[in-house]
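The values are calculated or read from the model by the stated rules, or taken from the named source; none is laboratory data. This one's a predicted model, so the numbers in the text were calculated from it and none came from an experiment. FYI the Cβ positions are ideal-geometry reconstructions off the backbone, even for glycines, and counts take in every protein chain you see. Surface accessibility is based on the protein's heavy atoms, side chains included, excluding ligands, DNA and RNA. Shrake-Rupley method; radii C 1.70, N 1.55, O 1.52, S 1.80 Å.
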Amino acid sequence: MAESRTASTESATQDAWPIYEIKRLSKTYARHNVTALSGVELTINKGEFVSVIGSSGCGKSTLLKIMAGLLPPTTGRVTLEGQPVTGPSTHIGMMFQQATLLPWKTTIENVVLPIAIREGRSAAKAAHSRGMALLELVGLGEFAEAYPGELSGGMAQRASICRMLVSDPSMLLLDEPFSALDELTRDFMNMELQRICAERQATTFLVTHSLDEAVILSDRILVMKSRPGRIVEDVRIDLPRPRTLEMVNTPYFGEIISHIRGLLGKEAHE
Amino acid sequence: MTGATQDNLEDTVWMEHEAFIDRIPRWVAMTFLFVAVVAIWDLVTRLGWVSAIILPTPAETFFDLIFVGSNLMSGGYMLTALWTTTLTVFYGFLIAVAIGFSLGVLVGETKFGERAVMPYLVAIDTMPKVAFAPLFIAWLGFDIASKVALAAFIATFPIVVATAAGLYAATENERMLFKSIGASRMQTLVQLKLPTGLPYIFTGLKIAAVGVMAGAITGEFLGGGKGFGALIRQSASQLDTPRVFALILYLSLLGLALYFTVVWAQRRFVFWNKSDGPGGKA
Ligand SMILES: Nc1ncnc2c1ncn2[C@@H]1O[C@H](COP(=O)(O)OP(=O)(O)O)[C@@H](O)[C@H]1O
Ligand SMILES: [Mg+2]
């Protein structure tokens with residue numbers, strides 16, 4: 001479904017059109033009457049990699065769930081490719097902090113689960129070859145018939161990347177996907193993620209609380225503050241692509257990090 | 001890089017010490033305990049500390065075991081009685097599973113069940129359920145039906161509670177995953193919540209397997225009939241204590257058979273969950 005009308009991978013901001021548009025969004029949870037979001041304005045362009053950073057409890061997950069159509073907004077408008085978001089969409093692929101693989105299904109069965117749910121068993125069977133190709137892509141080919149209990153944390157998360165990609169979404173919503181992994185694995189996974197996003201020209205929205213991760217991966221970083229949750233700055237990252245882990249050592253990287261630290265102020269907790 | 005190495009020192013050998021009880025095989029430990037208990041039992045009866053009517057000697061009990069066993073083997077009246085009780089237990093268990101599972105899904109899956117039905121179930125569950133036996137006998141007569149009803153009644157509640165708890169067991173992330181891939185409520189129930197809840201449900205089934213036996217025998221004690229419970233009561237009223245002991249032993253085989261059928265089914269269907277509950281590793 002990812003229409004590659006333009007082949008502009010280097011600069012996603014020129015000749016790009018808005019895929020997500022969020023206007024005057026606010027969310028108040030009925031329970032405890034918590035205002036999780038207030039006055040959120042956000043436009044995400046086709047092919048962009050946008051990260052959200054902010055202290056825990058500032059409303060990042062709430063924003064992501066509303067964008068995914070899993071949670072209704074209290075006020076405001078959310079449109080995806082011009083259509084109001086009213087529920088889950090096949091154009092969206094999601095990932096959560098936990099891999100959430102079903103332990104009674106093999107890895108490949110887990111990968112094609114979205115197909116099985118939406119189109120039934122036979123369609124899922126037919127999608128096995130596509131699932132296999134994705135597993136090969138992340139180096140899990142030989143674990144296709146293994147059960148999740150036999151996979152390490154990093155492998156499980158790679159399998160859940162495949163599950164996210166199997167229905168070929170054009171929009172990826174990721175909620176702290178690698179934060180449960182150790183640092184070395186996380187670096188590796190981030191580079192994998194970058195490669196996959198570039199290859200598919202996917203638009204990506206990443207919730208994270210790692211500053212380094214956000215800067216290495218993103219075209220833009222949205223800095224959020226809490227009570228009520230709001231976006232206080234939209235920081236553009238002008239590092240060349242493809243990004244490498246060595247960029248962490250450049251002066252530019254350091255400047256951005258300290259700038260965002262300043263914005264987060266006392267709320268920062270690295 | 002510390003310069004002078006000290007290779008002339010002996011390597012340390014540190015054997016891990018294993019506790020004595022861990023080193024003897026399980027069957028040896030079990031046999032030892034069995035022999036010890038029988039020996040004490042024998043001593044107590046031989047010395048006449050306890051009257052033979054209260055506690056028969058091991059030898060008497062053993063001969064009665066042989067007698068009852070040969071009656072069962074040769075298809076005597078005891079086998080008929082055991083078969084009656086087996087049927088009672090079997091039907092009681094089936095009914096308990098059907099009703100318990102349905103109510104469990106109602107309670108665990110719907111707000112109505114959780115809010116309106118569950119409080120009543122909790123209230124009934126706290127009652128001594130055996131007290132309902134005379135009612136069942138009045139309603140269903142002295143035949144097998146009243147015993148089946150009591151057995152099922154006792155065994156239903158653990159299944160309801162376990163099923164409902166199992167349906168709550170899926171994590172927030174898993175629910176969100178299913179929602180995000182557009183799963184219907186039925187799909188989420190069948191493909192996520194029920195499989196996630198299976199370990200809980202099997203724990204409930206094990207409790208029910210014990211309860212259904214208790215219910216069937218209690219029913220037979222109170223309501224007569226042709227089951228094993230009636231035989232036990234008869235022998236007890238004749239002060240034939242060795243026979244009672246023997247009958248109870250054979251009866252417990254029925255309970256064990258049911259229990260381990262459930263354990264076997266759990267191993268078969270919940271293959272991904274290595275930790276099975278009490279008795280699972282026998
Ligand atoms: N289902 C809910 N009901 C009530 N309050 C909630 C719910 N989910 C989140 N909140 C509250 O909304 C705020 C934002 O939560 P969340 O979006 O999860 O933050 P983050 O992902 O940035 O850590 C928090 O104060 C949290 O307690
Ligand atoms: Mg969160």
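Residues of the stretch A:135-175 being crowded, with 19+ Cβ neighbours inside 10 Å and of a type in the set (S, T, N, Q), which ones?
Scanning the stretch A:135-175 gives A:157, A:160, A:167, A:170.
Can you pull out every residue in the stretch A:31-65 that is crowded, with 18+ Cβ neighbours inside 10 Å and away from ligand 2 (no atom under 13 Å from the Cβ)?
The answer is A:38, A:40, A:42, A:44, A:45, A:46, A:47, A:48, A:49, A:50, A:51.
Hey, among the residues in the stretch B:131-168 that are under 17 Å from residue B:227 (Cα atoms) and in a loop (DSSP other than H, G, I, E, B), which one's most open to solvent (accessible area, probe 1.4 Å)?
Looking at residues that are under 17 Å from residue B:227 (Cα atoms) and in a loop (DSSP other than H, G, I, E, B), I get B:142.
Can we say residue B:129 is basic (Lys, Arg) and within 28 Å of residue B:235 (Cβ to Cβ)?
Working: basic (Lys, Arg): yes; within 28 Å of residue B:235 (Cβ to Cβ): yes.
Criteria met by residue B:129.
If you take the residues in the stretch A:105-122 that are assigned to a loop (DSSP other than H, G, I, E, B) and in contact (Cβ under 8 Å) with a residue 12 or more places away in the chain, which one is nearest to the other protein chains (Cβ to nearest Cβ)?
The qualifying residue nearest to the other protein chains (Cβ to nearest Cβ) is A:105.
Restricting the stretch A:217-270 to residues that are open to solvent by 50 Å² or more (accessible area, probe 1.4 Å) and of a type in the set (A, V, I, L, M, F, W, C), which is nearest to residue A:189 (Cα to Cα)?
A:245
Among the listed residues A:129, A:167, A:152, A:122, which satisfies the condition of being of a type in the set (S, T, N, Q) and closer than 30 Å to residue A:18 by Cα?
From the options A:129, A:167, A:152, A:122, the qualifying one is A:167.
This table checks each residue for (1) without any contact (Cβ under 8 Å) to a residue 24 or more places away in the chain; (2) more than 17 Å from the chain's Cα centre (by Cα).
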| site | (1), (2) |
| --- | --- |
| B:132 | yes, yes |
| B:138 | yes, yes |
| B:144 | no, yes |
| B:153 | no, no |
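Could you check, for the stretch A:187-206, whether at least one of its residues is open to solvent by 60 Å² or more (accessible area, probe 1.4 Å) and either within 16 Å of ligand 2 (Cβ to nearest atom) or closer than 25 Å to residue B:195 by Cα (or both)?
No, the stretch A:187-206 contains no residue that is open to solvent by 60 Å² or more (accessible area, probe 1.4 Å) and either within 16 Å of ligand 2 (Cβ to nearest atom) or closer than 25 Å to residue B:195 by Cα (or both).
Go through the stretch B:109-130 and report how many residues are assigned to a helix (DSSP H, G or I), open to solvent by 70 Å² or more (accessible area, probe 1.4 Å) and among the aliphatic types (A, V, I, L, M).
Final tally of qualifying residues: 1.
For the stretch A:24-92, please list each of the strands (runs of 3 or more DSSP E) lying entirely inside it that holds at least 3 residues being touching a residue at least 60 places away in the same chain (Cβ under 8 Å). Give the steps one after another, and end with the answer.
Working: elements: A:34-45, A:49-53, A:75-80.
It comes to A:34-45, A:49-53.
Can you tell which of B:205, B:167 is among the aliphatic types (A, V, I, L, M) and within 18 Å of the chain's Cα centre (by Cα)?
Working: B:167 fails: within 18 Å of the chain's Cα centre (by Cα).
Step by step, each of B:205, B:167 is checked, and only B:205 is among the aliphatic types (A, V, I, L, M) and within 18 Å of the chain's Cα centre (by Cα).
Quick one: residue A:125 ticks every box in (1) touching a Cys at 6+ places or on another chain (Cβ under 8 Å); (2) more than 14 Å from every other protein chain (Cβ to nearest Cβ) bar one, so which box is it?
That leaves (1) as the condition not met.
Taking residue A:154, is it more than 10 Å from every other protein chain (Cβ to nearest Cβ), out of contact with any His (no Cβ under 6 Å at 6 or more places or on another chain) and modelled with pLDDT under 90? Spell out the reasoning first.
Details: more than 10 Å from every other protein chain (Cβ to nearest Cβ): yes; out of contact with any His (no Cβ under 6 Å at 6 or more places or on another chain): yes; modelled with pLDDT under 90: yes.
When the stated conditions are applied, residue A:154 passes them.
Scan the stretch A:76-84 and give yes if some residue there is more than 12 Å from ligand 1 (Cβ to nearest atom) and within 14 Å of chain B (Cβ to nearest Cβ), otherwise no.
Scanning the stretch A:76-84, I find at least one residue that is more than 12 Å from ligand 1 (Cβ to nearest atom) and within 14 Å of chain B (Cβ to nearest Cβ), so the answer is yes.
Condition check ((1) more than 16 Å from ligand 1 (Cβ to nearest atom); (2) under 16 Å from the mean Cα position of the chain (by Cα)) across all residues:
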residue: A:61; (1), (2): no, yes
residue: A:93; (1), (2): yes, yes
residue: A:109; (1), (2): yes, no
residue: A:118; (1), (2): yes, no
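Residue under question is residue B:69, and the condition is that it be at pLDDT below 95, assigned by TED's automatic domain parsing to the domain that holds residue B:228, open to solvent by less than 50 Å² (accessible area, probe 1.4 Å) and at positive phi; does it hold?
Working: at pLDDT below 95: yes; assigned by TED's automatic domain parsing to the domain that holds residue B:228: yes; open to solvent by less than 50 Å² (accessible area, probe 1.4 Å): yes; at positive phi: no.
Against the criterion (at pLDDT below 95, assigned by TED's automatic domain parsing to the domain that holds residue B:228, open to solvent by less than 50 Å² (accessible area, probe 1.4 Å) and at positive phi), residue B:69 does not qualify.
With closer than 30 Å to residue B:188 by Cβ, at pLDDT 90 or above and β-branched (Val, Ile, Thr) as the only criterion, which of B:31, B:110, B:80, B:86 stands out?
B:110
Which ones in the stretch B:87-108 are open to solvent by less than 40 Å² (accessible area, probe 1.4 Å) and more than 18 Å from residue B:120 (Cβ to Cβ)?
Going through the stretch B:87-108, the residues open to solvent by less than 40 Å² (accessible area, probe 1.4 Å) turn out to be B:88-89, B:92-93, B:96, B:100, B:104-105, B:107-108.
Those that are open to solvent by less than 40 Å² (accessible area, probe 1.4 Å) and more than 18 Å from residue B:120 (Cβ to Cβ): B:88, B:89, B:92, B:93.
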